[in-house]
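Q: After the structure tokens below, expect a handful of questions from me.
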Amino acid sequence: MRITSKGQVTIPTDIRERASLLPRTDVDFDVDSKVVRIVRAKARKGDGRGTRLVAHLRGRGNAAMSADDIMALMRDD
């Protein structure tokens, strides 16, 4: 495995899956002499998965249906 000219490396799928490193997972690097470890970054307050999801979806809604219309769909009215 090589590091690209941009300093990037691809983590193999089996390693990502075993470590539960999903897309958009924040990681940190622990450096000890010549050993580098990739570790999941500690969540900062207000920077959790839910917050990122809301930020991603913000402004993408379509107000074409009213709340009553949506409730009618959900109730099969």
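Q: Tell me which aspartates and glutamates have Cα within less than 20 Å of LYS42's Cα, excluding those fewer than 8 residues away on the same chain?
A: GLU17, ASP26, ASP28, ASP30, ASP32
Q: Okay, which of region 35-71 sit inside 16 Å, backbone N to the point 7 Å along the Cα-Cβ direction of ALA19?
A: So the set is 35-43.
Q: Under a plain spin-label model, where a point goes 7 Å from the Cα along Cα-to-Cβ, how far apart in nm are MET71 and VAL31?
A: A separation of 5.8 nm, rounded to one decimal place.
Q: Which of rounded, prolate or oblate describes region 1-45 when judged by the alpha-carbon gyration tensor and an a/c cut-off of 1.5?
A: It comes out oblate by the Cα gyration axes.
Q: Give the label of the value calculated from the structure for mean projected area of the Cα convex hull in nm², choosing from [x] 9.4; [y] 10.2; [z] 9.8.
A: [z]
Q: A follow-up question, please. Let me have the 222 nm mean residue ellipticity of the chain computed from DSSP H runs of 4+ only, each contributing -39500 (n - 2.57), with the sum over all residues rounded to the nearest 500.
A: Computed ellipticity for the chain at 222 nm equals -8000 deg cm²/dmol.
Q: Kindly state, to the nearest 0.05, the FRET efficiency for ALA63 paired with THR4, given R0 = 30 Å and r defined as their beta-carbon distance.
A: Approximately 0.10, to the nearest 0.05.
Quick note: the coordinates plus some simple rules give every number you see, no bench work behind them. Treat the numbers as computed from the prediction; the structure is a model and nothing was measured. Methodologically, a virtual Cβ is constructed for each residue, glycine included, from the backbone with ideal geometry; neighbour enumeration extends over all protein chains shown.
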